[in-house]
1. Return yes when C:Ala79 is open to solvent by less than 20 Å² (accessible area, probe 1.4 Å), small (Gly, Ala, Ser) and in a helix (DSSP H, G or I) and no when it is not.
2. Within the stretch B:195-220, how many residues are more than 16 Å from ligand 1 (Cβ to nearest atom), open to solvent by 10 Å² or more (accessible area, probe 1.4 Å) and part of a helix (DSSP H, G or I)?
3. Return the residues of the stretch C:98-118 that are surrounded by fewer than 16 Cβ atoms within 10 Å (Cβ to Cβ) and under 18 Å from C:Leu181 (Cβ atoms); say none if nothing qualifies.
4. Of (1) farther than 30 Å from B:Phe15 by Cβ; (2) without any contact (Cβ under 8 Å) to a residue 24 or more places away in the chain; (3) open to solvent by less than 10 Å² (accessible area, probe 1.4 Å), B:Val240 satisfies all except one. Which?
5. Just give me the residues in the stretch C:194-212 being assigned to a helix (DSSP H, G or I) and at the interface with chain B (Cβ under 7 Å from one of its Cβ atoms), in sequence order.
6. If we keep just the residues of the stretch B:16-39 that are without any contact (Cβ under 8 Å) to a residue 24 or more places away in the chain and within 12 Å of ligand 1 (Cβ to nearest atom), which is nearest to B:Pro175 (Cα to Cα)?
7. Suppose we filter the stretch A:92-148 for residues that are among the basic types (Lys, Arg), more than 21 Å from the chain's Cα centre (by Cα) and at pLDDT 90 or above; how many remain?
8. Quick test of your reading of the structure: C:Asp242 fulfils all but one of (1) crowded, with 24+ Cβ neighbours inside 10 Å; (2) at pLDDT 95 or above; (3) not hydroxyl-bearing (Ser, Thr, Tyr). Name the failing condition by number.
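The values are calculated or read from the model by the stated rules, or taken from the named source; none is laboratory data. Predicted model, so just to flag it, every value in this text is computed and none were measured. FYI the Cβ positions are ideal-geometry reconstructions off the backbone, even for glycines, and counts take in every protein chain you see. Remember, those area values only see protein heavy atoms, side chains included, never the ligands or the DNA or RNA. Shrake-Rupley method; radii C 1.70, N 1.55, O 1.52, S 1.80 Å.
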Amino acid sequence: MTLFLEQVLNGLQFGTMLFLMAAGLTLVFGVMGLINLAHGSLYMVGAFAAAAAAAATGNFLLAIVAALAAAALAGAIVEIVVLRRLYRRDHLDQVLATFALILIFSEGVRWIFGSFPLYLDVPRALAGAVHVGPLSYPLYRLAIIVVGIAVAVGLWLLINRTRLGVQIRAGEADREMIAALGIDIARLYTVVFALGAALAGLAGALIGPIQSVQVGMGEPVLIMAFVVVVIGGIGSIRGALVGAILVGVTDTLGRFLLPIVLGGFMDQASAMSVGSALASMSIYILMAVILVWRPTGLMGAH
Amino acid sequence: MPKPILRINGLEKSFGALKATNGVTLDLYPGEIHALIGPNGAGKSTLIKQIVGEIRPDAGSIDFEGQPIDRLDAADRARIGLARTFQVSQIAPELSAVRNVMLAVEAREGRVFRFFRPVSRDLDLIAAAMAFLHDAGLGERAAIHAADLSHGERRQLEFAMALALKPKVFLMDEPMAGLSPDGSKRMTAFLSELRHTAPILLVEHDMEAVFALADRISVLVYGQVIATGTVADIRANPEVRTAYLGDEAA
Amino acid sequence: MSRETILNVAILAGLLAVALGAWASGEPFVVQLATRAAILGMAGVGLNLALGYGGLVSFGHAAFFGIGGYAAGILASAAQNYEPLMTWPVELPGTTSMPIIWLTAVIAAGLIALPIGALSLRTGGVHFIMITLAFAQMIYYFAISWPAYGGEDGLSIYVRNSLGTLDTMSPLTFFLIAFALLLLVLGLVLVATRSRFGLALAMARQNPLRLTSMGVRPFNVRLTAFVLSAMAVALAGALYADLNRFVSPTMLSWHLSGELIVFVILGGVGRPCGPLIGACIYVLLEQWLGGLTDYWQFPLGVILLLVVLFARGGVIGLVTGRNANA
Ligand SMILES: Nc1ncnc2c1ncn2[C@@H]1O[C@H](COP(=O)(O)OP(=O)(O)OP(=O)(O)O)[C@@H](O)[C@H]1O
Ligand SMILES: [Mg+2]
């Protein structure tokens, strides 16, 4: 039972990571209508920036700041140099251009940092575990969940309580309207994109102490974030939150439970292998089911 | 009195708080042109879309040839004989005019999923399509890409496609829109002949054309039919005068 | 003949000439490259049916490429290890016969493309892109975690599969087999796009509302194109596995889906030979840049980016001076 609770918490932690990724994706799509495959690269940039800053200063907070800054900067540059030429193009061009960006980012990072994975240490203040009754859970992972919740609340406040939020909502509703309101669209887009990039960078930095930091780390997360966005409904931050938790928990619990359940009626070795194969497919099956039920996602328009 | 071929019963459709159609009841008899007029935003296009199945009504029913068709989707309704022309011409811009019509012919024949024979060698298909293009007055322009046709020619192409479906009913959403006075006159003559092929439910703003063509007129205002009758009835109807015709009839 | 037709004939003749010339001058490696270009080109031509002609931006066609590859790998390794393919409900042996492998690959991909397409086509636009990607990824992870067929390590095919009495291990013979199948696929795609179905597919892309009003469901037309396109890509995948005598989950990876799209766009969307030209250019670039630097994907990415931003209509568009879809 404690093992199960621990897995639920792991699922939540994974879900919050996915939320940080999916929020940026869905925001960029909602406001600019852009499909950005290179979002995973920004995650990677954040992770590498954090690893480099941590190695140089030994300070985890500085590492986080570096990750946010590097990813936001990379995002802003990419938006200004490349992506703003693509808003009016069809999705095919956007896919290809952002695919090219992935090649550039991945190879560029490999060039600078080499092919060996880097490691980030868990900051001393967050080392150790929290004990509640029989359950003990790593403090750092708990901290990630808290950060995720804080970001969700922050985004909600930003969108519902600030001028920028008004502009973002206007942009989602109608592009002509923001022009009519006298908003500088180009600047708004850059800011929104950099914001999404910073969230991805934050996710990359936070995951550093849990996984290794290496080239190509962004792609699996990117694809999962796509699943989250499809499930939640494109353009909906609330949908991204719900979808991320759903996907995170399904994936984690699937890996944990399926081999056990299958072990009930086949031998241990095949239960392990069949279970893990099915578990790796579980979130996609979840997506398929939700699609049949609601083609535009849980919180999608119409 | 023959039976109506198309009967619309208490159709309702709301967009949020707006009742775009609010209990519309109408019918269409074989051989007639039934014009539907009304101010902008009265719900005319919304009504047509519900008849063809593009949008689902909230309430009400539609009978075609005595059978309810409410459960059929748009493709099914097209196949049983409801042909539609759009308020804004809907064509494949990258295909030539004749190809657009050839597709309509093959769709009506139910032979779309044929993969091997090139259509350029399918002389029967081409001849059939050309005949409809000629009927619509566009025979000369068959080889032109639809994107390069003028506005009026696109309207004609729409009609060629609708004719090619050999429908039992035409549903036309403002066929005169954007035509020159001359074009409108030709379109009027064309429609006046067409009623012998199949009856027409005609949404139109051009009053001259409506009065020249219609056997019956229904007036739609704020999603409701406020009057139905012959041209003379409608001209004389005081409610219609105030609500819609205004100074035009005065 | 239009300039595009001349270009098409030239590229096919050129590919054949390169392979024959390289063989004559004793450069089997170049023959191998030409074979690779032909096979990848075939996959691109297949994808183009959905993407170019149908307007369906599938980011998951690697799934079908990989399914083709695994069909070849699984059948061949069963036969080479003298193990039955399955024992239940009927015992089926493996095979090393290329035609049977091709047929299996094509049918398997078609059967899997059907539900994937049916689900993905419930939506459109960006949804479609993300969902096709996700389903391909599902198959990718399945291949990685399912141990029976090599998991992450993949499957080796010890000896290339057989076609009649031909010596398929000879690079030139294998090239000619691939080239002949490329011509076949190209011909079939060309015929299909010019058929009645091709008209409906064009309308489904350009004006689905009109297609519906003619009594034809765009969904059915699109699904058909999606499935046919998957089948063509699977045939290429089976050959690709035979070329490398190896199949692994990389054939299913999203990276490959991206590359297939790149072939189509590099050459020119909605052009029969476009993807072949794109694949040839891609293979050349890979070879050339790979010789210049270890980090060759960086300049490749820059080139792709420039093509998207500035050379719309792809290479054929540049040569013929107009967009296919203009
Ligand atoms: N999809 C929709 N969502 C919300 N409102 C809609 C939608 N379609 C139409 N409306 C509204 O419903 C009302 C009726 O529209 P409709 O297009 O049917 O009018 P119409 O009589 O055809 O007008 P016109 O003569 O200008 O073509 C209008 O107020 C319109 O804004
Ligand atoms: Mg209207």
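1. So C:Ala79 fails the test.
2. 3
3. C:Pro99, C:Ile100, C:Leu103, C:Ile107
4. Single failed check for B:Val240: (1).
5. Scanning the stretch C:194-212 gives C:Arg196, C:Phe197, C:Leu199, C:Ala200, C:Ala202, C:Met203, C:Gln206, C:Leu209, C:Arg210, C:Thr212.
6. B:Leu18
7. So the count comes out to 1.
8. (2)
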